Amino acid sequence: MRTNNAVEGFHNRLSHRAGHHGLGFAKLVKLFMAEADQMKVQHRLVEAEELSRYVSKRQMTCNERINNLW
């Protein structure tokens, strides 16, 4: 099973949402605020034992394909 560094995943997610390299400060702040809101939701789900960790749809599909081949 594949595992990724949490910081690398955060960086990739942020870069993807930014959409370009010339990221202004205002847009960066908005992205951080959106990420913080998402973390609040994930934290509540983990506390309710409804989510053990975040796995993107793309990664879940990849993991399923690997497991099927295994």
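Below is a table of values for the structure above.
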| read-out | value |
| --- | --- |
| Extreme residue, most open to solvent (accessible area, probe 1.4 Å), among residues of segment 23-55 that are of a type in the set (Phe, Trp, Tyr) and over 12 Å from the mean Cα position of the chain (by Cα) | Phe25 |
| Pairs with Cβ under 6 Å, 6+ apart, first in segment 33-60 and farther than 15 Å from Arg17 by Cβ, second assigned to a loop (DSSP other than H, G, I, E, B) and open to solvent by less than 80 Å² (accessible area, probe 1.4 Å) | Leu45/Leu51 |
| Boolean, Arg58 is over 14 Å from the mean Cα position of the chain (by Cα) and either in a helix (DSSP H, G or I) or more than 19 Å from Asn5 (Cβ to Cβ) (or both) | no |
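The values are calculated or read from the model by the stated rules, or taken from the named source; none is laboratory data. The structure displayed is predicted, hence computed values, not measured ones. Because the Cβ atoms are built from the backbone with ideal geometry, glycine has one as well, and the counts that use them run over all protein chains shown. Keep in mind that these areas ignore ligands, DNA and RNA; they rest on the heavy atoms of the full protein, side chains included. Shrake-Rupley method; radii C 1.70, N 1.55, O 1.52, S 1.80 Å.
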